[in-house]
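Peer 1: Okay, here's the structure, questions in a sec.
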Amino acid sequence: MNVRTALVLLALALATVLALVCVLLTRGRAPPACPHQPPVQEDPDGGQSLVFADLTPAELAQVVRYLQGHLGLRLVDAARAKPSDNCIASVELQVPAKAEALRFLDGAGARPPREALAVLYFGEQAEPNVTEYVVGPLPAPVYHRDVTVRRYGGKVPYHRRPTLAVEYKQLAGFLKSQVFPAAPSFMRQVMEYDGGSLAALTAAPRGFQSGDRITWFALFQNVSGFFVHPVGLEVLVDHSSLDISQWAVSRVFYNGQYYRDMVQLESAYVQGRISVEKVRRAPRDGDFSSMKPRAPWAALFPLQYEPQGPRYSVRNNHVLYQAWSFAFGMSASTGLRLFDIRHKGERVAYEISVQEAMSVYGSNCPAGMSTRYMDGSFGIGRYTSPLVRGVDCPYLATYLDVHFLAHSQVPQSTKGAICIFEQNLGSPLRRHYSNLQSLYYGGLVNSALVLRSIATVGNYDYVWDFIFYQNGAIEGKVQATGYASSSFLHGDGLRYGNRVWEHTLGTIHTHFINYKVDLDVGGRSGSSFTACHYPGKPQCRGGLPPVC
C-alpha cells in the first residue's frame, strides 16, 4: 500500500467519524422551524383590483382642495357648518361603470379613470339643494360633473339631506339652552336634570309628509347603555328653518300625555295636573346595562392557531384564498362591498355589497311608534368601529384600516376596521369511516375565509361577514348585537314589547337587510338584483334592480 492510498483511506475514515458524531449530537433535537411552508399562491391580479380601491387620505384631501378652488362658492367645513352654509358632506370612490371596468379587467380596454363622488349641501343658495359631483381624474383632478339630475331625475330638495353630526350637536344645544329651561321645576324635580344627566336619542324619519324636517327626541338617563334607561319625556323639534334661532318645539310627550310645549308641561306640573312617574336614578355604569363582566373568567378562551402562517394573501385591496380571489372596499354610506369575485379564475359575481339596514319599530310612545331607521342615511361604513383582537376577530387575523371623508372636510381613519381570517368550522367537509369489507378512513378539514367589519350605528352593532367556503359557496351574513331600543313603559305598553326593567319597554321591531348581488356565473349577466326581505308584497316598478 503506497502513501497516497493510505492518505485517502484515512480521509474517508475521518469523514465517516465526523458524520457519526453529527448524527449523535443532533439526535432528539426538534426539526428546524417551518420545515415546510404552504405553497406561495401567485396573485395574477397585477394591480387590477385597485380600480375598486377606496380613496386614500391624500386623494380625499385633493378632492376637497379641488372643490374649494373650482366651484366659485364659499365652502364651510361640514364639522362646523350651519344649515344655511355650503359644505362638503362626503367624498368617496366613484365606482367605474361595469362595462368599462370589465373591459379593463378582461384585458380588452384601458384602465378607467379614477374618480370621486362628492355630495355637497348647498344651504347658501336661492334654492337650497343637495348636489352630487363626480370629480376626476385622481390624483390630480381637472374636472367635475354634476350627476344629480341623471341619478335622481332632478335637483334634490334641501330638506331631504341626511343629518350631519354638527346638526345633532346644534339640536342638543337647542334642547339644553332653549327647551329644558322652559320647564325649570319639572326638569329639576322630576327629571333630576343637572345640565348633563340626560341623553337625547333621535327618531327617524323626520316627519310624515314631503317637506317636513321635524324630529322626535326621546330622553334617557345619561349613563352607560343609556338606550335602555328612558325617563318618559319626548320632545318634537321643528328644525326645518335654516336659521337655528327659528327652531321650535312642536309637541311634548310625558308619561302617556301630549302637551303643546314645555311651558304647558311646566304649568300642568306646578298645578299638580299631571301623573308623575319618577325613575330611580341609575349609577354611571348603568347598573343592569353595564357591559362589565358579571363574573371573572374561569379560564382563558381557546385560541386559533396557524402552524405555518396564513393560507391566504392580501395585497392592497385584493384577497387570494385557495380557489377564491376578490377585491373589497368600504363605502362610507353602505359599508362593505366586494368586486370581481372569482373561483378558480372564473368570475362568478361582479359585485356583492351591503346596501341598507332598516329597522321598523312599534310603541305607544311617539318616538318609538314613528321610527323607521335607515342606517345608510347615518353611514354604515362611517360608523365602522375598530376591531378588538381576540374578541371581535381572532388574534392572528389580518387587520386593515379604513379611510373616509364624511361630516368633515378632513379625511379620517379608523384603525383595524376590517379583519380577514381563515377559521376551522369545527366539522369535517366530508368524511367516511369504512368498517365493512375494506377498512379505511377518509376526511377533509372544513375551513372558510371570513372578511368582517362591525358598524356601531346608535344602539346596534352590526357584525358584517362575507364568508368564502371550500365548496364554492359564498355567504353574506349579519349579526345584530349591542343594545335593544326601548321606550318608557306606561299604559298598555306591553302590547308593543316586553318589560326589560322597571320603566323600560323593549319595543317590538323588525330588521330588513338589503344586499346588491350582481352575478356573472357563466358569463356577464348585464343585470343585478337586490336581495331584501319585505313584510308584505312590495310595489315595484322598472327592471333590475327594482325600484320598490
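The values are calculated or read from the model by the stated rules, or taken from the named source; none is laboratory data. None of the values given here were measured: they were computed from a predicted structure. Positions of Cβ are backbone-derived with ideal geometry, glycine not excepted, and every protein chain shown enters the neighbour counts. Remember, those area values only see protein heavy atoms, side chains included, never the ligands or the DNA or RNA. Shrake-Rupley method; radii C 1.70, N 1.55, O 1.52, S 1.80 Å.
Peer 1: Label Ser210 and Arg431 with points 7 Å out from Cα along Cα→Cβ: what is the distance between them in nm?
Peer 2: 6.2 nm
Peer 1: Once the mean 1/r over all distinct Cα pairs of the chain is inverted, what Kirkwood radius in angstroms do you read off?
Peer 2: Kirkwood hydrodynamic radius for the chain: 27.6 Å.
Peer 1: Over the heavy atoms of Tyr321, what accessible area does a 1.4 Å probe trace out, to the nearest 10 Å²?
Peer 2: My reading of the accessible area for Tyr321 is about 0 Å².
Peer 1: Along Cα→Cβ, 7 Å out, is where each label goes; now give me the distance between the ones at Val445 and Ser313 in nm to one decimal.
Peer 2: Calculated label separation equals 2.0 nm.
Peer 1: What does the charge count around Arg260 come to, taking other residues whose C-beta lies under 15 Å from its C-beta (Lys +1, Arg +1, Asp -1, Glu -1)?
Peer 2: Around Arg260, the surrounding residues sum to -2.
Peer 1: How about region 301-364: which trypsin sites (Lys or Arg not before Pro) there lie in a loop by DSSP and see at most 15 other Cβ atoms within 10 Å? List each step's numbers first, then the result.
Peer 2: Values: sites: Arg311, Arg315, Arg337, Arg342, Lys344, Arg347; in loops: Arg311, Lys344.
Loop-located and lightly packed - Arg311, Lys344.
Peer 1: Oh, and also: Might you tell me the accessible area per residue for the chain, computed with a 1.4 Å probe and given in Å²?
Peer 2: Details: 28480 Å² over 548 residues.
Here the residues of the chain average 52 Å² of exposed surface.
Peer 1: Keeping the other protein chains in place, figure out the carbon and sulfur percent of the accessible area of region 74-213, with a 1.4 Å probe.
Peer 2: That fraction is 53 percent.
Peer 1: First measure r as the distance between the Cβ atoms of Glu192 and Gln246, then evaluate 1/(1 + (r/R0)^6) with R0 = 25 Å and state the FRET efficiency to the nearest 0.05.
Peer 2: Working: r = 31 Å, r/R0 = 1.23.
E(calc), rounded to 0.05, equals 0.20.
Peer 1: Gain in length, Gln178 to Gln412, computed as 0.36 nm per residue apart minus the alpha-carbon separation, to one decimal in nm? Intermediate results must be reported in sequence, preceding the final value.
Peer 2: On the way: separation 234, 0.36 × 234 = 84.24 nm, distance 3.28 nm.
So the extension gain works out to 81.0 nm.
Peer 1: Could you tell me the accessible area of Arg452 in Å² (1.4 Å probe, neighbours in place), rounded to the nearest ten?
Peer 2: 40 Å²
Peer 1: A further question on this structure: Can you list the lysines whose alpha carbon is less than 21 Å from that of Lys176, not counting same-chain residues fewer than 8 positions off?
Peer 2: Cross-link targets: Lys82, Lys278.
Peer 1: Let me ask something else. Residues in region 139-166 near a label at Met374, defined as backbone nitrogen under 20 Å from the 7 Å Cα→Cβ point?
Peer 2: 147-165
Peer 1: Follow-up. Per-residue counts of other Cβ atoms within 10 Å, averaged by peptide: what ranking do you get for 217-228, 164-175, 424-435, highest first? Mind dumping the intermediate values first?
Peer 2: Values: 217-228: 21.2, 164-175: 16.9, 424-435: 10.2.
Answer by packing, highest mean first, reads 217-228, 164-175, 424-435.
Peer 1: Using each residue's phi in region 255-269, evaluate 6.51 cos²θ - 1.76 cosθ + 1.60 at θ = phi - 60° and report the 3J(HN,Hα) Karplus result to the nearest Hz, with x for Gly and Pro.
Peer 2: 6, x, 10, 9, 9, 4, 6, 5, 5, 5, 4, 4, 4, 5, 5
Peer 1: Now for a separate question. Please report, as a whole percent, how much of the solvent-accessible surface of region 289-339 comes from carbon and sulfur atoms (probe radius 1.4 Å). It would help to have the intermediate numbers written out before the result.
Peer 2: Values: 1860 of 2960 Å².
Answer for region 289-339 is 63 percent, counting heavy atoms of protein chains only.
Peer 1: Given the protein chains as shown and a 1.4 Å probe, how many square angstrom of Val517 are accessible, to the nearest 10?
Peer 2: 20 Å²
Peer 1: Another question, if that's okay. For a quick size check, give me the Cα extents of region 86-163 along its three principal axes, largest first, whole Å.
Peer 2: Its Cα atoms span 47, 26, 20 Å along the three principal axes.
Peer 1: What percentage of the solvent-accessible surface of region 435-484, computed with a 1.4 Å probe over protein heavy atoms, is contributed by carbon and sulfur atoms?
Peer 2: 52 percent
Peer 1: Calculate the FRET efficiency for Ile508 and Ala110 from the Cβ-Cβ distance with a Förster distance of 51 Å, rounded to the nearest 0.05. The partial results should precede the final answer.
Peer 2: Working: r = 54 Å, r/R0 = 1.06.
Rounded to the nearest 0.05, the efficiency is 0.40.
Peer 1: Please compute the alpha carbon radius of gyration of region 249-288, then divide it by the globular-protein estimate 2.2 N^0.38 Å. Two decimals is fine.
Peer 2: 1.48
Peer 1: With a Förster radius of 25 Å, plug the Cβ-Cβ distance of Thr56 and Val521 into 1/(1 + (r/R0)^6) and report the FRET value to the nearest 0.05.
Peer 2: Given R0 = 25 Å and the Cβ-Cβ separation, E is 0.15.
Peer 1: Next question, about the same structure. Taking 0.36 nm per residue of sequence separation and subtracting the Cα-Cα distance, how much length would be gained by fully extending the chain between Gln257 and Ile467, in nm to one decimal?
Peer 2: Difference between extended and current length: 70.7 nm.
Peer 1: Roughly how many nanometres apart are two label points built 7 Å out from the Cα toward the Cβ at Ala295 and Asn424?
Peer 2: According to this spin-label approximation, the distance is 2.7 nm.
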